[in-house]
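Written out below as structure tokens is the structure these notes cover.
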Amino acid sequence: MKIGKVIAFLVLSYILLASIALGQSNLTASANVSITIVKALQIEQIQGDLNFGELVQSGVSSKLQRTPDKGILFAVTGNAGKNVVVDYHNTLFNNRSASQNNSSQNSIQFIPEINTTYSNSSYSNAQSVINGSSYPLQNKDGFGVLYLWVGGEMDIDSKLASGDYTGEFAVTVSY
């Protein structure tokens, strides 16, 4: 009987230890972790300006225009294959001397026209850029590139005050 009790004790101990060992097993969960690294987005003026020159007023309203190929060239660089959104707005150019003279006619609205030649730094096969639209950065020597050409127009009212009209036009790009 002693041997039976010892055997029963050993069997029960074995079952108890096995259930504790199996019941206390480590549980593991896993999840995928990832990151995408992209090159910093940059925009810089490469060439040109939008100087519309001098206009002699003759009492008649007129429209001045500069086509994008005769204007400013911006280069957008970043991660090849990524799309960038291009944002721009009409801009008011102000005449400081007219505003000091309390003239009601002291600003001109600049209406931009922007084209892209994608990764071509020469003006050929240009396509219109629509404000707020997305355009791909094309691979050029391992970098993503998008060339933006800026021109535009201004309606010059015959009653506009004389003076130098200046302002700043901004193009914003984002991934």
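The values are calculated or read from the model by the stated rules, or taken from the named source; none is laboratory data. Since we're looking at a predicted model, the values are computed, not measured. Using ideal geometry, Cβ is built from the backbone for each residue, glycine included, and neighbour counts are taken over all protein chains shown.
Could you tell me how many of the residues in region 70-97 are under 22 Å from the mean Cα position of the chain (by Cα), under 25 Å from Val145 (Cα atoms) and either of a type in the set (Phe, Trp, Tyr) or outside any loop (DSSP other than H, G, I, E, B) (or both)?
13
Based on what the data block shows, is Ile72 surrounded by 15 or more Cβ atoms within 10 Å (Cβ to Cβ), in contact with a helix residue (DSSP H, G or I) (Cβ under 9 Å, 6 or more places away or on another chain), of a type in the set (Val, Ile, Thr) and touching a residue at least 24 places away in the same chain (Cβ under 8 Å)?
Considered against the rule, which asks whether it is surrounded by 15 or more Cβ atoms within 10 Å (Cβ to Cβ), in contact with a helix residue (DSSP H, G or I) (Cβ under 9 Å, 6 or more places away or on another chain), of a type in the set (Val, Ile, Thr) and touching a residue at least 24 places away in the same chain (Cβ under 8 Å), Ile72 comes out as no.
For region 38-62, give me each residue that is of a type outside the set (Gly, Ala, Ser), assigned to a loop (DSSP other than H, G, I, E, B), in contact (Cβ under 8 Å) with a residue 12 or more places away in the chain and under 28 Å from Asp155 (Cβ atoms).
The answer is Asp49, Leu50, Phe52, Leu55, Gln57, Val60.
Among (1) surrounded by 15 or more Cβ atoms within 10 Å (Cβ to Cβ); (2) modelled with pLDDT of 95 or more; (3) over 13 Å from the mean Cα position of the chain (by Cα); (4) closer than 16 Å to Glu44 by Cα, which single condition is Glu113 missing?
Here Glu113 meets the rest and fails (4).
Quick check: anything in region 44-51 loosely packed, with under 14 Cβ neighbours inside 10 Å and either at pLDDT below 90 or in contact with a helix residue (DSSP H, G or I) (Cβ under 8 Å, 6 or more places away or on another chain) (or both)?
Residues of region 44-51 that are loosely packed, with under 14 Cβ neighbours inside 10 Å, as a first pass: 44-47, 49, 51.
Cutting the leftovers down to either at pLDDT below 90 or in contact with a helix residue (DSSP H, G or I) (Cβ under 8 Å, 6 or more places away or on another chain) (or both) gives us 49, 51.
Looking for residues that are loosely packed, with under 14 Cβ neighbours inside 10 Å and either at pLDDT below 90 or in contact with a helix residue (DSSP H, G or I) (Cβ under 8 Å, 6 or more places away or on another chain) (or both), one finds at least one in region 44-51, hence yes.
Filter region 127-175 down to the residues that are surrounded by 18 or more Cβ atoms within 10 Å (Cβ to Cβ), in contact with a Gly (Cβ under 6 Å, 6 or more places away or on another chain) and not in a strand (DSSP E or B) and list them by number.
Answer for region 127-175, where residues must be surrounded by 18 or more Cβ atoms within 10 Å (Cβ to Cβ), in contact with a Gly (Cβ under 6 Å, 6 or more places away or on another chain) and not in a strand (DSSP E or B): just Leu137.
Looking at Val11, Val38, which is the one that is exposed (fewer than 12 other Cβ atoms within 10 Å of the Cβ), at pLDDT below 90 and either of a type in the set (A, V, I, L, M, F, W, C) or over 30 Å from Val129 (Cβ atoms) (or both)?
After ruling out the rest, the residue left standing is Val11.
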